[in-house]
Amino acid sequence: MYQNTTTIKSWAEEDRPREKLQSKGRNALTNAELLAIILGSGTNKKSAVELGQEILKTHDNSLYELGKMNQSELMNFNGVGQAKAISIIAVMELGRRRAAEEIPLKPKISQAKDVFDNVKRDFQDLEHEEFRVLGLSRSNRIMGNKLISKGGRSGTVADGKLIFKELLDMKASSCILLHNHPSGKLLPSPQDVDLTKRFVQFGKLIDLPVLDHLIITDTGYYSFIENGKM
């Protein structure tokens with residue numbers, strides 16, 4: 001029996017669609033390679049990529065036309081059974097629904113009050129201290145709001161390594177530090193001031209500036225930048 005030499009497993013690892021997506025990112029794949037991932041396998045004569053190319057060529061490589069194909073039309077291709085046809089239809093429908101959605105705009109931060117309005121629910125009614133960090137994009141839109149630590153009523157420990165790791169993971173361009181005072185006092189402690197100075201300096205070293213540090217209570221906030229503490 002002749003052996004099939006076109007199976008994806010026989011390809012160099014960097015050329016296999018799944019491995020290529022993992023190593024080079026989704027934009028590096030052709031439409032046929034993306035379709036091959038959905039198909040999962042080809043036939044004993046064609047790889048999944050070749051099968052994907054065959055399906056796309058039927059409609060001049062148009063994804064729009066592919067999205068209009070029904071189950072029976074897809075199953076006309078050798079190597080496409082019910083499960084594969086349904087998978088293609090489901091993926092195309094997800095793409096259609098995504099395109100129909102409005103792109104959600106993340107909140108933009110212009111001043112300390114914007115920060116408070118966006119995070120006050122996270123700290124509301126807490127009887128213990130929590131430390132959070134807000135990651136911002138270059139246009140000052142919120143990219144993430146990460147809980148760093150929880151403590152007791154009078155304090156919590158903020159790990160600088162963890163804070164900046166979270167910020168780098170979310171690809172933030174700048175950040176704002178946040179913690180609450182369950183006591184309701186809107187004044188920083190000497191420890192708060194010292195911690196802020198250290199994190200501001202570290203942020204400068206790695207080009208990820210700390211723009212502000214807010215102390216939050218149920219009734220208001222204290223901004224280090226607005227009070228000349230930074």
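The values are calculated or read from the model by the stated rules, or taken from the named source; none is laboratory data. All values derive from a computational prediction rather than experimental measurement. Neighbour counts are summed over all protein chains in view; Cβ atoms, including those assigned to glycine, are modelled from backbone coordinates with ideal geometry.
What the table shows:
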item: Answer from Pro188, Pro182 - the residue that is under 16 Å from Val119 (Cα atoms), free of Cβ contacts under 8 Å to residues at least 60 places away in the same chain, of a type outside the set (A, V, I, L, M, F, W, C) and assigned to a loop (DSSP other than H, G, I, E, B); result: Pro182
item: Any hit, the stretch 58-71, residues being among the acidic types (Asp, Glu), out of contact with any His (no Cβ under 9 Å at 6 or more places or on another chain) and at pLDDT 95 or above; result: no
item: Filtered residue count, the stretch 210-230, keeping only those that are surrounded by 15 or more Cβ atoms within 10 Å (Cβ to Cβ) and assigned to a loop (DSSP other than H, G, I, E, B); result: 5
item: Some residue of the stretch 147-165 being assigned to a helix (DSSP H, G or I) and polar (S, T, N, Q); result: no
item: Residues (crowded, with 20+ Cβ neighbours inside 10 Å and among the acidic types (Asp, Glu)) located in the stretch 167-191; result: none
item: Pick from the stretch 61-94, criterion surrounded by fewer than 12 Cβ atoms within 10 Å (Cβ to Cβ) and not in a loop (DSSP other than H, G, I, E, B), ranking: farthest from the chain's Cα centre (by Cα); result: Ser72
item: Number of the exception - Lys165 against (1) in contact with a strand residue (DSSP E or B) (Cβ under 7 Å, 6 or more places away or on another chain); (2) modelled with pLDDT under 95; result: (1)
item: Subset tally (residues that are free of Cβ contacts under 8 Å to residues at least 40 places away in the same chain, farther than 9 Å from Pro17 by Cβ and not in a loop (DSSP other than H, G, I, E, B)) for the stretch 33-51; result: 1
